[in-house]
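Values in this text are rule-based calculations from the coordinates and carry no lab data. Bear in mind that the values here come from a model prediction, so they are computed numbers and not experimental data. Note: ideal-geometry Cβ built from the backbone for every residue, glycine included; neighbour counts use all protein chains shown.
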């Protein structure tokens, strides 16, 4: 499949394709390519590359120029499993500009979301942290976070409402199958023969080992007692080829001595010898092969053999599964017999592997079932879908929520009808709020973001009363080497200010909101904040990122003064609010913290702090006035506005956020009572007053 794909890419682009594979697989892939009429060149560096398809092993990647290839294939792509590993990062960064990318693995880990996220990142679909932020809820404490701002995958779980959506998203870029019928085709010719396990337990009177060290010792101490049962099994089937998997050098030494006719591959062997022995065994020229799964357990095709022996087991199910699949694979004509020889001391290891095997089978089956219908449709189409666009309106006492695109919904509001607006816009290309191409946060470039955001800025200028203000919550954004080409910061607050100045707003004020750099360091493990980086090379060290409230004013005289009495707004309070740095905003005081597990775990990625909203409303709006948020999210601005006796209108693109916002607004409406006039009566009552005051101001 990967050879046919690579051949199509090479012919379509008239360019070169690079296949990266485990060392043991290269020559066998070239041999298989000849059988289907495809030429593949074996390369050790860029100088060896020939027109068309080329293959090398992962260890040689640094000797190639990825930008000179039109396509890349990762054979045994579970190498991406390590979500913060050096090899994983090098592969993703090296091929981010290659237009055609294919990843192939026989052992996906459905319960290891980091591996799925790394595949999505390699393919250029979505960054792993963005995937987690979009579909998952995190349950761990801050000090359990990993190097990209997200903790161990055991602490991440799919949001209650997101299971179907998540697997639908996965199926838009991945195909998972065990047999052709998973995709709606016939299984004829692809039904594997029977796989038969034969456990052989050596009763040596030892105690069952519990720790890793004890397990290794128990395995080593039982080698001599395992040799005769292994020889008996082989001698009972003298005409068959045998593959013996060991895990320790002591095991390999004892086996080679007991079975002198066997060939052995060791890690210390030269690459050429390894490749030669692997091919000779595949061609049936070697009767018995002894090796380790770490050396030859991935990728090779040994259908010539259907008798397999494991001399003990490690705790890695994937290692065992891959080793078995060298023989039990399409093209195998005979039932495959797997003999697992263990001692009494290795019982805990055996049970651990059996439990992992059961979970793997259940989860892989569930994953295929979840995506089967989507895959059958997706594999036959060439366009990618987006979230279905919906509109809706909900109203209550003093509030209205609109489901839809802000650029369109704002056009439906009356000119000069809004007294104040406070919101946190989507941070360009950082968090994935939705899969919609209407989402401002999904803009790929700074220029695209400014153009998109500009439509909303123009409408906000139109609906705002002259002399009144809008406040934008934002922060500097990290620049990533894989995306921007460098590690640094992007001045997102200035970008937002530019957008609003371009449509006529006046830059009014800027408040710095303190955030703990220690918390940021634990949450993101950003290299610039790590203490070890300071000791290593402080040229990359930096300060933590603060939040900012950028406030813009619409030109003109304010027709309705926002007056405060000394009783309600004493001087010390104003002195604190007038400070350019607000040190006392509680970062955890958000609606997310109130929601806990409600609303099917849907949490807003960047909720605005409630005390921050309250402070802005207190300074820049009167009780009874209309507050607008064009990016309402789960309703934080509206929740606070209603609590403080204001009116609220919010717009939100994402259905799940919209539903939460309506729930929150309904709750706070009940809590504050219904003595206030409803939204539209308020607008009717205040509009004549606004017109009168404006007329007087003009005069």
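Express in nm, to one decimal, how much length is gained between residue 36 and residue 261 on full extension, taking 0.36 nm for each residue of separation and deducting their alpha carbon distance. Don't skip to the answer; put the middle values down first.
On the way: separation 225, 0.36 × 225 = 81.00 nm, distance 3.41 nm.
In short, 77.6 nm is gained.
What residues of segment 331-357 lie in the reach of a label at residue 201, counting those whose backbone N is under 20 Å from a point 7 Å from the Cα along Cα→Cβ? Only 338-357 pass the distance filter. One chain, two ends: residue 285 and residue 268. Fully extended at 0.36 nm per residue, the span grows by 3.9 nm beyond their Cα-Cα distance.
The radius of gyration of the Cα set in segment 1-124, together with its Dmax, comes out at 13.7, 41 angstrom.
Relative to the compact globular guide of 2.2 N^0.38 Å, what is the alpha carbon radius of gyration of segment 195-366, as a ratio?
So the Cα radius of gyration is 1.00 times the expected 2.2 N^0.38 Å.
Each part gets one Cα centre, and for segment 189-204 versus segment 514-592 those centres are 63 Å apart. Counting beta carbons within 10 Å around each of 473, 198 and listing the fewest first gives the order 198, 473. Distance between the 7 Å Cα→Cβ label points at residue 489 and residue 163: 4.3 nm. Label point of residue 365 set 7 angstrom out along Cα-Cβ; within segment 161-196, amide nitrogens under 16 Å from it belong to 177-179, 182, 195.
Here the extension length gained between residue 344 and residue 667 equals 110.1 nm, from 0.36 nm per residue of separation less the Cα-Cα distance.
Neighbour counts of other C-beta atoms within 10 Å: give me 44, 458 arranged from fewest to most.
Working: 44 13, 458 17.
Lowest to highest Cβ neighbour count: 44, 458.
Here the calculated FRET efficiency for residue 655 and residue 411, from their Cβ-Cβ distance with R0 = 30 Å, stands at 0.90, rounded to the nearest 0.05. Ordered by the count of other Cβ atoms within 10 Å of each Cβ, fewest first, 1, 176, 521, 401 give 1, 521, 176, 401. Once Rg and the Kirkwood radius are both taken over the C-alpha atoms of segment 214-308, their ratio Rg/Rh works out to 0.95. Between residue 502 and residue 330, the FRET efficiency estimated from the beta carbon spacing at R0 = 56 angstrom works out to 0.40.
Label positions at residue 93 and residue 569, each projected 7 Å from the Cα along the C-beta direction, are separated by 5.1 nm.
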